[in-house]
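Derivation of every value follows stated rules applied to the coordinates shown; laboratory data play no part. This structure is a prediction, so every number in the text was calculated from the model and none was measured. Neighbour counts are summed over all protein chains in view; Cβ atoms, including those assigned to glycine, are modelled from backbone coordinates with ideal geometry.
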């Protein structure tokens with residue numbers, strides 16, 4: 001196993017924060033081998049009680065979100081693989097009056113990845129991969145004004161697991177194995193979504209290090225840059241149109257993976273939003289189990 005293969009299934013969580021959490025995994029360019037398959041189950045917990053309204057940080061009642069993801073990937077050839085990411089998500093807001101939880105199927109992604117250049121087939125230079133994905137909206141509700149008490153008074157239910165929109169995502173990843181233990185990568189992506197949700201520019205940079213034959217670590221620095229939309233707090237912007245706002249997220253993630261055997265591994269990680277616009281100042285932790293066959 002090459003050192004880079006350790007990181008195929010443990011990409012960054014932060015590029016996904018404009019979707020349901022972790023729905024748009026950031027990736028490195030190294031693919032599964034032909035005929036190889038993997039299944040991964042992960043649990044992600046996100047919470048915040050500070051939110052950027054435009055670029056002004058403000059205190060709010062705590063919003064928390066829990067997501068269980070199932071991932072399946074398969075190597076179709078030496079240069080191509082397909083993967084599917086689906087899950088169930090639940091979001092709650094510690095507000096008075098209580099407005100109820102929001103839950104349902106998370107947005108689902110089906111993606112095809114094509115390796116243009118493999119560094120292991122050349123004397124020098126990086127590995128380069130391109131990908132295209134279709135995003136299918138989930139079954140949860142968006143943030144909205146809601147008559148929760150059936151008294152004709154609309155209450156602002158501001159939390160939602162995501163923007164709930166179909167979309168398309170294109171990306172290119174480039175990476176290089178520097179030593180037997182250290183690899184680095186970068187990703188540039190663009191996500192187009194429908195139903196008035198702004199497009200996103202995605203930028204990710206990662207470093208991956210094998211501490212032992214069984215233990216690996218990664219650090220990923222990520223940006224999600226909304227390309228248009230109004231700010232929360234401006235005239236006419238209420239929970240009914242929060243999905244149209246311009247959202248920006250800058251974050252960092254640290255994670256560790258432990259290989260129990262050649263086929264079984266577990267992982268844990270922490271992520272934090274460093275700066276943003278119209279987004280929550282989230283703290284995230286996650287854990288996962290992966291089976292390779």
Checklist line | Ranked list, fewest to most other Cβ atoms within 10 Å of each Cβ, for 30, 114 | finding: 114, 30
Next item on the list: Among 231, 281, rank each residue by its count of other Cβ atoms within 10 Å, from fewest to most, as a rough exposure measure.
Entry: 231, 281
Note to self: Whole angstrom only: what separates the Cα centroid of region 233-293 from the Cα centroid of region 59-136?
What the structure shows: 10
Note to self: Need one number: % antiparallel among DSSP beta bridges in region 179-241, to the nearest 5.
What the structure shows: 100
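Neighbouring Cβ atoms within 10 Å as the yardstick, rank 124, 288, 183 fewest first.
On the way: 124 6, 288 21, 183 27.
Sorted ascending by nearby Cβ count, the order is 124, 288, 183.
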